[in-house]
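To start, the structure under review is shown below, and the notes come after it.
Here, each number is a calculation from the coordinates, and none is a lab measurement. Note that the coordinates shown come from a computational prediction; the quantities given were computed from them, not determined experimentally. With ideal geometry, Cβ positions are generated from the backbone for all residues, glycine too; neighbour counts draw on all protein chains shown.
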Amino acid sequence: MEFIQAVAELGISLSDNKVRLLNEYADLLEEKNQVLNLTRISREDFDTLQALDSLAIVKAIPTIAEAKVIDVGTGAGIPGVILKIVFPQWDITLLDSTRKKLTFLDEVIAKLRLKSIRTLHGRAEEIGRDPEYRQRFDIVTARAVTAMPSLSEWCLPLLKTGGKLVALKGETVEDELAKSEKGIQVLGGGRPKLISYDLPGTEIHRKIVLVEKIRTTPVAYPRASTIIKNAPL
Ligand code: SAM
């Protein structure tokens, strides 16, 4: 199935300009990947494994309204840059702990002339204690970052009450989700929803874990990185 048709099956219509920007981004990614080793996914797989996969976020949340979004562990900009191109009404912060990836993303932002998007260098669990970022976002996205018990503690503190964590996951998320349910509650999250689907035009199965924040996160969280890792909630 053609990419544009597959995206249309998600209920998204792409203007020529958005297609051009997606292609420019894929070209830059391909060019820099050879030097910087940013992603393992080849140019041929970009449409399905990165673009379509990112846009499947519409399975979990409405995308029409303006929203303050942070993409935790954005890497080479997935899903953050793709979401910015396709949903320009969103204000997006691209967070990663690896500086070289953010240098690449600063170049992407400048070359594509994207507005209301910026990079942020740091560890999510430290950024979540900074008053400038703590409980400031409507949406946190995370794809292929870490398992749910750590991911919840990294991400839920960043959300406003009423905000949503959208974790893009592979097929086998149930086990890590079960291990994170108590922690999610402690951190102020509601009952997680698991959304399963096939990427349109493919047989690739995906799952999204969607958690709404229903209460303020207690000040004790997020804890230090090693504690989160060694003593999950
Ligand atoms: N989301 C991208 C994707 O789907 O292609 C990148 C996934 S990559 C496997 C995980 C990213 O998380 C890396 O770029 C890494 O630097 C970043 N990362 C790891 N630990 C982090 C932390 N504590 N805070 C922020 N970013 C982190």
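Where does the charge balance sit around Ser150 when Lys and Arg score +1, Asp and Glu -1, over other residues with C-beta under 13 Å from its C-beta?
+1
Explain nothing, just the number: relative contact order of the chain, from Cα pairs under 8 Å at least 6 residues apart, as a whole percent.
Dividing the mean separation by the residue count of the chain yields 17 percent.
Calculate, for Val219 and Ala178, the FRET efficiency according to 1/(1 + (r/R0)^6) with r their C-beta to C-beta distance and R0 22 Å; round to the nearest 0.05.
Step by step, r from the Cβ atoms, then E = 0.25.
Among the lysines, which have Cα under 28 Å from the Cα of Lys207 when same-chain residues fewer than 8 positions away are ignored?
Those lysines meeting the cut-off are Lys18, Lys59, Lys68, Lys84, Lys101, Lys160, Lys164, Lys169, Lys179, Lys182, Lys193, Lys229.
With axes computed from alpha carbons, what is the tilt in degrees of helix 99-111 against the longest principal axis of the chain, rounded to the nearest 10 within 0 to 90?
Tilt of helix 99-111: around 50 degrees.
Which shape class, rounded, prolate or oblate, goes with region 134-188 when its Cα gyration tensor gives a ≥ b ≥ c as root eigenvalues, a/c under 1.5 marks rounded, and past that a/b bigger than b/c marks prolate? Please report the intermediate quantities before stating the final value.
Working: a/c = 2.28, a/b = 1.45, b/c = 1.58.
Verdict is oblate for region 134-188.
How much length is gained if the chain between Ala8 and His205 is pulled fully straight, taking 0.36 nm per residue apart and subtracting their Cα-Cα distance, in nm to one decimal?
Working: separation 197, 0.36 × 197 = 70.92 nm, distance 1.81 nm.
Working it through step by step, the gained length comes to 69.1 nm.
For Ser42 paired with Arg113, estimate the spin-label separation in nm (one decimal), with each label point 7 Å from Cα along the Cα-to-Cβ line.
3.4
Evaluate the distance, in nm, between pseudo-label points positioned 7 Å from the Cα of His121 and of Lys160 along their respective Cα→Cβ axes.
My value for the distance between the label points is 3.0 nm.
Note the full-extension length gain between Lys193 and Ala65 as 0.36 nm times their separation in residues minus their Cα-Cα distance, in nm to one decimal.
43.9 nm
What FRET efficiency comes out for Asn17 versus Ala147 if R0 is 30 angstrom and r is the Cβ-Cβ distance? Round to the nearest 0.05.
Values: r = 38 Å, r/R0 = 1.25.
According to the calculation, E is roughly 0.20.
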